[in-house]
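The structure under discussion appears below in the form of C-alpha cells.
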C-alpha cells in the first residue's frame, strides 16, 4: 500500500491515507511529502477521492463505510496495481516463497544496468531510492515495471504480465484457499495471462502448459532446464555459481548467503532473459554482474548488527519451507551456536503447519518461540486455543536434546537470551509480525 501511495504521489496524484500503527513505511511516506494519519476516522476521507483498500481492511472499517455511503469508487490495491502496470511492460513475480527477494534482484539488476525500471515491491530494497536510501517503490522512465504478484488472496489474477515468474507453488494462506487444487488452478490462470512464463523446474513446469523457460537451484537439476545453476559454492558470506543457458555460461557471484538465494538469482536472470536481455534490455552477462552488489532486501536475512560479539539477523520467513531455507543459509556462516527466535504468524497457519514449523526450527541449536502474531485473525471458533506453544512442543519433539524455550513475549526473550549471547553466536529473529523489534533492541543496546 505504501509503495502504491509513493508511485501515485510521484505521478502527480493527491494522496492521503491512514494506518492503525506507525512504521518505517509511514516514515518513508512522510519523507516523500505525504502526511498519512494514524488511526482510522471517517472524517479523514476526502469526499472526491477514490478509495484503495488492502485485503486486511474489513467491511466494517469506518473510513470504508463512509466512502460507500457517499457512493465513492472503492478499489482493491490489486486493481490499482493492475491499472499502473498496464502502462509499462510488466514483470510479475508470484510464488509462495522468494518473490520479494527475486523481485528485488530483478529491479536492482535493471537499475544498475541503466534500464531505469519502475518497481513496486513487498519489502525495501536498500539503495533503490532517489536519495540513495531504501525504497519499496519507484517510477523509473524505462519501459519495464517489476511487481510482486500476490497469491494470498487471489488478487494476482487481475494482473496482465508481459513476463510472469512462478518461483514455487505451496499452500500458505489457509484462510483463503480451500486446498492445493484450487491454488493450482489460480496459478494456471495467472500463467495463461502472460506472454512468457518462467517457472521452477519440476512440478510447476510440468503443470503450467504455457511455460517457456525453466530455472533450477541445484546441480541435480533436470538436464532439460533452459537455465541451470551449476558449480554452486559458498564464498565469503555469499555464493558463486555458473549460469548455463542460451547465452552460454556466465559466472555469477552473490553477496547474500544460501542456496535459496542462488535459486532466486537464477529465476531473476531467467526472467530478464525472457524479457529481452541483449535485445530491448542490456545483455544477460551485464545484468548478472550487477547481482554481486545486490544487498538483500529488508527483513530477508537482513544483518542488523552485533551484540556481545554475536551476529544478529532478522528474517520475514513465516512458512516452514522459508524457515528451513533461512536457517540453512545461516548455517553456512561461521558460528558457535545458531539461535532462532520464532514468532508464528496467523492462527490458521499455526494450526495447519505446527509440526512442519517444529521440524524446520529443529535445525537451530537453540530455539525460542513466541506467541502467535494474530494480524487480521482472532482466536475464535475453530481457531480457539491455538497458540505458539504448539510450535514449541513440536520443535522439542523434533529436536531431542536441544534447547527449546517457550518464551511467549519479546520481553521474555530479551531477559532469557541476552545474558548468554557470546562471541561467535548467530541469532536470528524469524516471522512476519513484530519479532524484528527484538533484533532491533539487541543491536541498539537496549535490554538488561
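Computed from the coordinates by the stated procedures, all read-outs in this text should not be read as laboratory data. Values in this document were obtained by computation on a predicted structure and should not be read as measured data. We place every Cβ from the backbone using ideal geometry, glycine too, and count neighbours over all the protein chains shown.
Arrange the following residues from fewest to most other Cβ atoms within 10 Å of their Cβ: 25, 347.
On the way: 25 16, 347 25.
So the residues, fewest neighbours to most, are 25, 347.
In a fully extended conformation the segment linking residue 176 and residue 279 would gain 33.0 nm over its present Cα-Cα distance, using 0.36 nm per residue. Largest GNM mean-square fluctuation across 65, 256, 146, computed for the chain with C-alpha springs under 10 Å, falls on 65. Over the residues of the chain, the helix contribution to mean residue ellipticity at 222 nm works out to -9500 deg cm²/dmol, using -39500 (n - 2.57) for each DSSP H run of at least 4. Within the chain, antiparallel bridges make up roughly 30 percent of the DSSP beta bridges whose residues both belong there. The DSSP beta bridges internal to region 80-293 are antiparallel in roughly 45% of cases. Take the Cβ-Cβ distance between residue 48 and residue 87 as r, set R0 to 22 Å, and report the resulting FRET efficiency rounded to the nearest 0.05. My answer for the efficiency is 0.45.
Here the Gaussian network model covers the chain, with springs between Cα atoms less than 10 Å apart; of 36, 257, 161, 36 fluctuates the most. Computed over the chain, relative contact order equals 11 percent, with contacts defined as Cα pairs under 8 Å that lie 6+ residues apart. Mean sequence separation of contacting Cα pairs (under 8 Å, at least six apart), scaled by the length of region 80-293, corresponds to a relative contact order of 20 percent. Highest average first, the peptides 122-131, 306-315, 233-242 ordered by how many other beta carbon atoms sit within 10 Å of their residues are 306-315, 122-131, 233-242. Treating r as the C-beta distance of residue 143 and residue 416 and R0 as 60 Å, the FRET efficiency rounds to 0.70. Given springs between every Cα pair under 10 Å in a Gaussian network model of the chain, which of 272, 301, 284 has the largest fluctuation? Looking only at 272, 301, 284, the largest GNM fluctuation is found for 284.
Calculate how many DSSP beta bridges within region 302-443 are antiparallel, expressed in % of all such bridges and rounded to the nearest 5. Spell out each step's value before the answer.
Numbers: 5 of 25 bridges.
Of the beta bridges lying entirely in region 302-443, close to 20 percent run antiparallel.
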